[in-house]
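Structure, as structure tokens:
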Amino acid sequence: MSMPAEKDAGVNDEFAWIEGASEDIYAAARKLIDGEEAGRISERAIRHLLTAAIRLYVARTDGEDRTFRPVMGNYDEELTATEVISACTELLRALRLSPMELSIWFRTRPDATDAEQGYGKGN
């Protein structure tokens, strides 16, 4: 059985720097938001970060045929429902999609526990 990609990253991995950079960006974003200084980051930089994060998430989940919790924390510990819906709405608008298209792709597993869907504590 192979180890997850996070465990395999080594000094010879040209993309290993992303792990540390992601933690730095996360901490800096929290500090900017807490200080009400989010405007210091350009819209272009935010588009780069969001696009890259979405592409990496989809590549991992499609490639591994599984899902994992796409955000930090559990439930609303890190993001509010308003923040998530606001971002989702703008993502749909950016691609000229409607909630109807989203409902076609949306999948639920009412019989699955959070852990079975990869949303266990610490993920």
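Every number in this text was worked out from the coordinates using simple rules, so none of it is lab data. Computed from a predicted model, the values in this text were never measured in an experiment. Methodologically, a virtual Cβ is constructed for each residue, glycine included, from the backbone with ideal geometry; neighbour enumeration extends over all protein chains shown.
Spatially, segment 67-88 and segment 12-31 are offset by 19 Å when compared through their Cα centroids. A protection proxy built from the mean count of other Cβ atoms within 10 Å ranks the segments 80-86, 67-73, most packed first, as 67-73, 80-86. Charged neighbours of residue 95, selected by a Cβ distance under 14 Å, balance to +2 (K, R count +1; D, E count -1).
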